[in-house]
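*Asks:* Mind having a look at this structure? Questions to follow.
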Amino acid sequence: MGKGIVYCQDRGKSLRDDAFDSGKAHTIDDRPYCIQCRAPQAAPAKAPSSVSLKKISNSRLPKATGPVAKRPTPPPLPATPPSRKPVLIGAAAGAAAILVLLLVLALPGAGKREDPSDIEPKPVPAAGPPAELLELEKLASESLDPKDLAGRCERLRPALKGTPHAARLEILEKKVKEARAAAEKEAVAKVDRFVAQIREKIKEDTGFKQRGEIESMLATAERTAGARTGEVATLKAGYQKGYRDAAQAAAQKLRQAAEPLEKEGRYGEAADVLAAYPEAFLRSNAGEELARYHAALVRKHEESEKLARVTHEGEALKVLSADGTTQAQDLKHFGKEWSQGNHLWWRDAKPKGVLRLEFESRVAGRRTLALSLTGGPDYGIVQVSVNGKVLAASIDLWSEKVVHRAEDLFEVDLKKGPNELKVEITGCNAKATPPKHLFGLDYLRIE
C-alpha cells in the first residue's frame, strides 16, 4: 500500500508520512505544517483526568516508537494542490490591522490613560443675558447713580466670568465709569458754584439778617464739599466769628447808652434804648446777656411806676417864693370838682410876677405831669416851667365864671426828690374887667 499524502496548512506543500517521521513536518492542533512554517512547540502537560475511561484493548493501539504526531486519515484526494486564495486574503487583512494599529499609536496621547481631571467639560450652550445684567443696562440708560451701578457691576462680574456675557458687562462697566467720572466732575463744579454763592451772600449781608439761610447753606456745603470741606469749614468759622463780634459790639454800644439813664432812675427809657438791639443778634451770647439786662430794667421800671404815681394838693405844696400873696381858698360853694374842696390861690400879682413851688418825686425820669388849674373872669395868663424847662409859654385862665378847668398835661424830666414848679404872670385876657392876674392850683399829679 502506498504512503499517505497531506498538505501544509500555511504553504499548501505536500507532506508524506515519512516527513513526519523524520521531523520535517509536524501537527499543531491536529493540523499539518511543514517545518518552515511553524516550529514545533512542546505540548503542555495535560492534567490527569478525573473522569474514568472505559478500558480499551491495547490491541487496538499502535505501539509508540517515538514522538508521533496525531494525524487524521484524509480521504483520497486528487494530486492537484489546494487554492492559495484564502491565504492571500488573510495576509491582506493582517497587514491592514497592523497599519491601523500603527496609525492609532502615532496619534497624540495614544496609548496613555486619560486623567478625568484633564478632560475639559463640553461647552454648555450659551443662555440669554442674566436678568440682573439687563436691569443694570436699563438703570445705566436712565442715568441713575453711577457709583451704585459700579458697585453692582463689581458684584456681578464673578458670576459672568468666562461666559459670553462677560464682554457685555465690561462694556457696561466702561460706560458706568465714564458716567461716574462725568458726575464727579459736575459735582466739583456744583460745589464751586455753591461756595461762590455763599461767599457773595456773606458779603452782602452785613447786618446778619440772612444768618439762618447762610448757616443752612454752609451746613449743606460741609456735607457735599468733598475735597473742599476744609475750605468750607474755614469759611463757616470766619462767618460765625464775625457774627459774634458784631453782636458783642452792638450790645456794648447800647449798654453805654442805657447805663447813665439807669443811674438816674429812668429805667423805662433805659429799657427802650436796649429795645433797639438788632433782632439778628438776639440768639447770640451777647444778645442773651443784653436780654437779661433789659428784663431787669423793665422790672425796675414797673416798680418805679407804682412809686411815681402821686398827687400833690396845690394848697399843700411848699412855697419857695411868691410875688404877691398865696393862701388856701375854699371853693365848695363853686362846686364839687375841686379836690378836697380847696385850691392854692395866688393873688395881688402883677405882670412878670413869679411863684415858685416845690414838689417831691419818688422816682427820676421822664414822667407825665398833670396840672389842675382854676379859671375865672379875673384870672390872668401864665407861663409854666419845671426845673427850669418851659412846659407851656402861655396858659389863658380867663373864664366868664369860676370853673375847674380840664387837666393840662406835660411830659417832663423829673429828678428823684425835690423838683421846682415855676409860674410867671405874662398878662391877662382883654375881656378881664377890671384887669386882674389871679392864679389857682387845685393839684399836681405825677404819672
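Please treat every number below as a calculation from the coordinates, not as lab data. In this text, all values refer to a predicted model and were calculated from it rather than measured experimentally. All Cβ positions, even for glycine, are placed from backbone atoms using ideal geometry, and neighbour counts span all protein chains on display.
*Asks:* Could you tell me the extents of region 310-446's C-alpha atoms along the three principal axes, largest first, rounded to whole Å?
*Replies:* Answer, in whole Å and largest first: 43, 31, 23 Å.
*Asks:* Using a/c under 1.5 as the rounded threshold, could you call region 333-386 rounded, prolate or oblate? The axes a ≥ b ≥ c are square roots of the C-alpha gyration tensor eigenvalues, and prolate needs a/b larger than b/c, oblate otherwise.
*Replies:* oblate
*Asks:* Do the alpha carbons of any pairs in 306/336; 389/431; 209/389; 147/236; 253/318 sit beyond 32 Å of each other, and which pairs?
*Replies:* 209/389; 253/318
*Asks:* Next question. For region 144-204, with the dipole built from +1 on Lys and Arg beta-carbon atoms and -1 on Asp and Glu ones, taken about the Cα centre, which of 196, 162, 179 lies farthest toward the positive end?
*Replies:* Looking along the dipole axis, the top candidate is 162.
*Asks:* About the Cα centre, and with charges only on the beta carbon of Lys, Arg (+1) and Asp, Glu (-1), how big is the dipole of region 251-394? Nearest 20 debye, please.
*Replies:* 160
*Asks:* How much net charge surrounds residue 198 when only other residues with a Cβ under 14 Å from its Cβ are counted (Lys, Arg +1; Asp, Glu -1)?
*Replies:* Its environment carries a net charge of +1.
*Asks:* Another question about this same structure. Let me see the P(r) profile for region 144-204: every Cα-Cα distance counted, bins of 10 Å, each bin given as a percent of all pairs.
*Replies:* Percent of pairs per bin, in order: 21, 32, 20, 14, 9, 4, 0.
*Asks:* May I pose another question? Can you tell me how much longer the chain between residue 101 and residue 30 gets when fully stretched, taken as 0.36 nm per residue apart minus their C-alpha distance, in nm with one decimal?
*Replies:* Additional length available on full extension: 22.4 nm.
*Asks:* I need the P(r) histogram for region 273-352: all alpha carbon pairs, bin width 5 Å from 0 out to the longest distance, whole percents.
*Replies:* Once binned at 5 Å, the Cα pair distances of region 273-352 give 3, 11, 13, 11, 9, 8, 6, 7, 7, 8, 8, 6, 2, 0.
*Asks:* Arrange 5, 98 by Cβ neighbour counts within 10 Å, fewest through most, would you?
*Replies:* Fewest to most other Cβ atoms nearby, the residues stand as 98, 5.
*Asks:* Which GluC sites (Glu not before Pro) in region 136-179 pass both tests, a DSSP loop state and at most 16 other beta-carbon atoms within 10 Å?
*Replies:* Listed in order of number, the matching sites are 142.
*Asks:* Mind checking region 297-352 for trypsin sites (Lys or Arg not before Pro) that DSSP puts in a loop (not H, G, I, E or B) and that have at most 16 other Cβ atoms within 10 Å?
*Replies:* Qualifying residues, ordered by number: 309, 336, 352.
*Asks:* ³J(HN,Hα) across region 349-363 via Karplus (A = 6.51, B = -1.76, C = 1.60, θ = phi - 60°), whole Hz, x for Gly/Pro?
*Replies:* Values, residue by residue: 8, 10, x, 6, x, 10, 10, 10, 10, 10, 9, 9, 10, 7, 9 Hz.
*Asks:* I've got another one for you. Dipole magnitude of region 136-192 about its Cα centre, charges +1 at Lys/Arg Cβ and -1 at Asp/Glu Cβ only, in debye to the nearest 20?
*Replies:* For this selection, approximately 260 debye.
*Asks:* Please work out the Kirkwood hydrodynamic radius for region 189-259, using every pair of different C-alpha atoms, and report it in angstroms with one decimal place.
*Replies:* 13.2
*Asks:* Highest mean first, what order results for 387-397, 18-28 on Cβ atoms within 10 Å?
*Replies:* In descending order of packing, they fall as 18-28, 387-397.
*Asks:* Label residue 325 and residue 289 with points 7 Å out from Cα along Cα→Cβ: what is the distance between them in nm?
*Replies:* Computed distance between label sites residue 325 and residue 289 equals 6.6 nm.
*Asks:* Name the residues whose placed amide hydrogens come within less than 5 Å of the amide hydrogen of residue 443, ignoring near sequence neighbours (fewer than 5 apart) on the same chain.
*Replies:* 314, 372
*Asks:* For residue 92 paired with residue 430, estimate the spin-label separation in nm (one decimal), with each label point 7 Å from Cα along the Cα-to-Cβ line.
*Replies:* That separation, rounded to one decimal, is 17.5 nm.
*Asks:* For residue 299, what is the net charge nearby, where nearby means another residue's Cβ is under 13 Å from its Cβ and Lys, Arg count +1, Asp, Glu -1?
*Replies:* Taking every other residue near residue 299 into account, the sum is -1.
*Asks:* If you don't mind, another one. What does the charge count around residue 160 come to, taking other residues whose C-beta lies under 14 Å from its C-beta (Lys +1, Arg +1, Asp -1, Glu -1)?
*Replies:* That works out to -1.
*Asks:* List 398, 346 from most exposed to least, where exposure is judged by having the fewest other Cβ atoms within 10 Å.
*Replies:* Neighbour counts put them in this order, fewest first: 398, 346.
*Asks:* So if R0 is 22 Å, what FRET efficiency would residue 337 and residue 366 give, r being the distance between their Cβ atoms, rounded to the nearest 0.05?
*Replies:* 0.15
*Asks:* Got a sec? How would 409, 373 order by Cβ neighbour count within 10 Å, fewest to most?
*Replies:* 409, 373
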